[in-house]
1. Full-extension gain between Ser244 and Asp173, please, as 0.36 nm times their residue separation minus the C-alpha to C-alpha distance.
2. Whose amide H sits under 5 Å from the amide H of Asp86, counting only residues 5 or more places off or on another chain, with H placed in the peptide plane?
3. State the extension gain, in nm to one decimal, for the chain segment bounded by Leu57 and Tyr214, taking 0.36 nm per residue of separation less the distance between their alpha-carbons.
4. Enumerate the amide H contacts of Val165 below 5 Å, restricted to partners 5 or more residues apart or on another chain; note that Pro and chain-start residues carry no placed amide H.
5. Could you pull the Rg and Dmax for segment 176-248, using just the Cα atoms, both in Å?
6. Once you list every other residue whose beta carbon is under 12 Å from the beta carbon of Thr182, what net charge do they have if Lys and Arg are +1 and Asp and Glu are -1?
7. Net charge within 13 Å of Pro112 by Cβ-Cβ distance, Lys/Arg positive one each and Asp/Glu negative one each, not counting Pro112 itself?
8. Mind scanning Lys170/Lys228; Lys143/Lys170; Lys92/Lys160; Lys92/Lys147; Lys160/Lys198; Lys160/Lys228 and naming the pairs with a C-alpha gap bigger than 24 Å?
Amino acid sequence: MAVGARSGRDEGEERPDGIQRDAEREAREAEDAEDGAEERPQRSFWKELPLLVGIALLLALLIKTFLVQAFSIPSDSMQNTLQRGDRVLVDKLTPWFGSEPQRGEVVVFHDPANWLAGEPTPEPNFLQTILSKIGLMPSADEKDLIKRVIAVGGDTVECKKGGPVVVNGKPLDEPYVFPGNTPCDDAPFGPLNVPEGKIWVMGDHRQNSQDSRYHMQDSTQGFVPVDKVVGRAVVVAWPVTRWSTLPVPDTFDQPGIGDKAAAKAIGAGPAALGLAGAVPVVLWRRQRLTSGTTGR
């Protein structure tokens, strides 16, 4: 009996062969994982930088193509806010979500009723042709205009000779009007009721702008259909010496004139949005590269 009892204890202390082999394999895997981690040090940020830049540029290209587009200013009708040859970035995103142009915004729109009849179409250079093909610039065949929205659907707008532009009974203080110009002395109008789904537009260089005032006898009666609007110009991007944003002037926020503009400019440029999208991708990749070999 004593021998049997002692023999039982000895068997209990011994590990079965299968359990022992599992323990040894786990120990080897742990050692291999430690060796692998030592052999694979974390990659330098500078080595990851080219990937980060590449992803950012790709995302920026997609954003510019589908959300923002560059337009060239062909005339002096928006001086001094915009100069001939300026490049502006136009927000094409907000119209996708049903946002309509608001008072005070500078907008690009397709020619609503042959407003540009007789105007020469500039011949694009090689770079402009390439950019238009990938969507960064409009096609040379497209005829677009850029003006400031003065009144929207449901508004009453007028301007008498010698007086200011008046919207819904509120006179506008217009510091953006070209120095030496009058608000409308060359072409007074109104009062007019803006139909729903339409906007009334005027150039900032009032005495050098063939805007809504000069097309009141057209089929559109000078009003621009909202569905002709490409988007809101938010930034002067080129030349770099003229970089600036295009905010809504305070005069359009005065009490009683109507609701404050709902459409907002893109908070970050395409490059910044591209970078924001690239960072998580690179961080995820770095984590995968520096993680242990858990898949063995």
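Read-outs: derived from the displayed coordinates by stated rules, not from any lab. Keep in mind that what you see is a predicted model, and the values were worked out from it rather than measured. Heads up, the Cβs are rebuilt from the backbone with ideal geometry, glycines too, and the neighbour counts pull from every protein chain shown.
1. Details: separation 71, 0.36 × 71 = 25.56 nm, distance 2.13 nm.
Net length gain for the segment: 23.4 nm.
2. Amide H neighbours of Asp86, under 5 Å, 5+ apart: Ile73.
3. Contour length minus Cα-Cα distance gives 52.2 nm.
4. Leu172
5. 14.5, 41
6. On the way: positive: Lys160, Lys161, Arg206; negative: Glu174, Asp185, Asp186.
Overall, the nearby charge balance is 0.
7. -1
8. From the list (Lys170/Lys228; Lys143/Lys170; Lys92/Lys160; Lys92/Lys147; Lys160/Lys198; Lys160/Lys228), the Cα-Cα distance tops 24 Å for Lys170/Lys228; Lys143/Lys170; Lys92/Lys160; Lys160/Lys228.
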